[in-house]
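What follows is a short report on a single structure.
Every number in this text was worked out from the coordinates using simple rules, so none of it is lab data. Note that this is a predicted model, so its numbers are computed, not measured. No Cβ is skipped: glycine too gets one built from the backbone with ideal geometry, and neighbour counts run over all protein chains shown.
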Amino acid sequence: MATRAAPAPTTRANLSTNDIVDTALELIAEYGVEQLSMRQLSARLGSSLGATYRHVATKEALLHLCGEQLIARSFRPLVPDEDPLAWIRERVLDLYDVLRTHLRNIEAYMARL
């Protein structure tokens, strides 16, 4: 009697690092940094674990990219004639809001960046 092979996981043809980071941020917001796994991330992306690792080599590298993305989301360039101290205060508060609102447990990781 022949046994049936398990179906291969569906792989997204257009997987990008940005998709991976965005999805990782969603998972972190839902479950926290400690619960994030590359396997869980790949499943949410609908890609193979190997495809995810081809874009991001380690969880540590992924968290670094997530931190960079959060900083980028909270950044706005200083406009001419704007008070630099008010601008800095706004950037810090925006970053704090992004962390508080969207993520659990990543603050300690970002403090190490």
*State the Cα centre-to-centre distance between the range 44-97 and the range 12-38 in whole Å.*
13
*Compute the signed sum of charges (Lys and Arg +1, Asp and Glu -1) over the other residues within less than 13 Å, Cβ to Cβ, of I88.*
-1
